[in-house]
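K.L.:
I have a structure I would like to understand better, so I am pasting it below and will then ask my questions one at a time.
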Amino acid sequence: MKLERRNAYFCKKCRKVTITVDIDAGVTPAFIQCPHCHESFASSFMYQIPGCMYFGEFKNGQMTILEADYEWYKPPDREIVLLSDGEKEHVLKGGLLMRPRTKAKPIFKEIKQ
């Protein structure tokens, strides 16, 4: 079975979870500024998220996939020059940037059943 390569981040301050999906290969941070409260950092589940963060509900006999809030992507070279020094260094060392979810195709990982 193949599943989207997903991660989740939990904010202890506002108690909300942010679900992300990778659309490119690369490195993602262990902490992000919480996109919900903007007052604290949210901690990564280190790609060990529970099944309930993948799946929503049954519809027409099929399990639906919960929508990711954000995606991790590699910016094109023309955009790298516009980044802050810290972001530039992160990207040039293989790091990805986060943006609101688009229709970009995610990376999938194989899950043994």
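The values are calculated or read from the model by the stated rules, or taken from the named source; none is laboratory data. If you're wondering where the values come from, they're calculated on a predicted model, not measured in any experiment. Neighbour counts run over all protein chains shown; Cβ positions are idealised from the backbone, glycine included.
K.L.:
Restricting to the stretch 32-68, name every residue that is of a type in the set (Ser, Thr, Tyr) and assigned to a loop (DSSP other than H, G, I, E, B). Working first, answer last.
P.N.:
Of the residues in the stretch 32-68, the ones of a type in the set (Ser, Thr, Tyr) are 40, 43-44, 47, 54, 64.
Of everything in the stretch 32-68, those that are of a type in the set (Ser, Thr, Tyr) and assigned to a loop (DSSP other than H, G, I, E, B) turn out to be 40, 47, 54.
K.L.:
Are any of the residues in the stretch 46-59 modelled with pLDDT of 95 or more, farther than 27 Å from residue 12 by Cβ, over 17 Å from the mean Cα position of the chain (by Cα) and loosely packed, with under 15 Cβ neighbours inside 10 Å? Spell out how you get there, then give the answer.
P.N.:
As a first pass, look at the stretch 46-59 and keep what is modelled with pLDDT of 95 or more: 46.
In the following step, the residues that additionally are farther than 27 Å from residue 12 by Cβ were identified as none.
Checked against the condition, which is being modelled with pLDDT of 95 or more, farther than 27 Å from residue 12 by Cβ, over 17 Å from the mean Cα position of the chain (by Cα) and loosely packed, with under 15 Cβ neighbours inside 10 Å, the stretch 46-59 yields no hits at all.
K.L.:
Please go through the stretch 91-101 and pick out each residue that is assigned to a loop (DSSP other than H, G, I, E, B) and surrounded by 10 or more Cβ atoms within 10 Å (Cβ to Cβ). Give the steps one after another, and end with the answer.
P.N.:
Step one: of the stretch 91-101, the residues assigned to a loop (DSSP other than H, G, I, E, B) are 93-94, 96, 101.
Matches in the stretch 91-101: 94, 96, 101.
K.L.:
Let me ask something additional. All but one of (1) free of Cβ contacts under 8 Å to residues at least 60 places away in the same chain; (2) not in a loop (DSSP other than H, G, I, E, B) hold for residue 20, so report the exception by its number.
P.N.:
Condition (1) is where residue 20 drops out.
K.L.:
So, residue 70, is that one under 15 Å from residue 7 (Cα atoms) and either of a type in the set (D, E, K, R) or at pLDDT below 95 (or both) or not? First the steps, then the outcome.
P.N.:
Numbers: under 15 Å from residue 7 (Cα atoms): yes; either of a type in the set (D, E, K, R) or at pLDDT below 95 (or both): no.
Criteria not met by residue 70.
K.L.:
Please find, among 13, 88, the residue that is assigned to a loop (DSSP other than H, G, I, E, B) and not aromatic (Phe, Trp, Tyr).
P.N.:
Working: 88 fails: assigned to a loop (DSSP other than H, G, I, E, B).
Answer to the check: 13.
K.L.:
Which pairs have Cβ atoms under 6 Å, sit 6 or more apart or on different chains, and link a residue in the stretch 54-67 that is under 20 Å from residue 6 (Cα atoms) to one that is at pLDDT below 75 and of a type in the set (Asp, Glu)?
P.N.:
Note: pairs meeting the criteria are 64/57.
K.L.:
Would the stretch 74-87 turn up any residue that is surrounded by 10 or more Cβ atoms within 10 Å (Cβ to Cβ) and small (Gly, Ala, Ser)?
P.N.:
First, pick out the residues of the stretch 74-87 that are surrounded by 10 or more Cβ atoms within 10 Å (Cβ to Cβ): 74-75, 79-80, 83, 87.
Retained after the next criterion (residues that are small (Gly, Ala, Ser)): none.
Within the stretch 74-87, not a single residue is surrounded by 10 or more Cβ atoms within 10 Å (Cβ to Cβ) and small (Gly, Ala, Ser).
K.L.:
Just the residues that are more than 22 Å from residue 102 (Cα to Cα) and under 15 Å from the mean Cα position of the chain (by Cα), please, taken from the stretch 1-29.
P.N.:
If we filter the stretch 1-29 for residues that are more than 22 Å from residue 102 (Cα to Cα), which is where we start, we get 1, 11-15.
If the condition is that a residue be more than 22 Å from residue 102 (Cα to Cα) and under 15 Å from the mean Cα position of the chain (by Cα), then 11 is the only one that fits.
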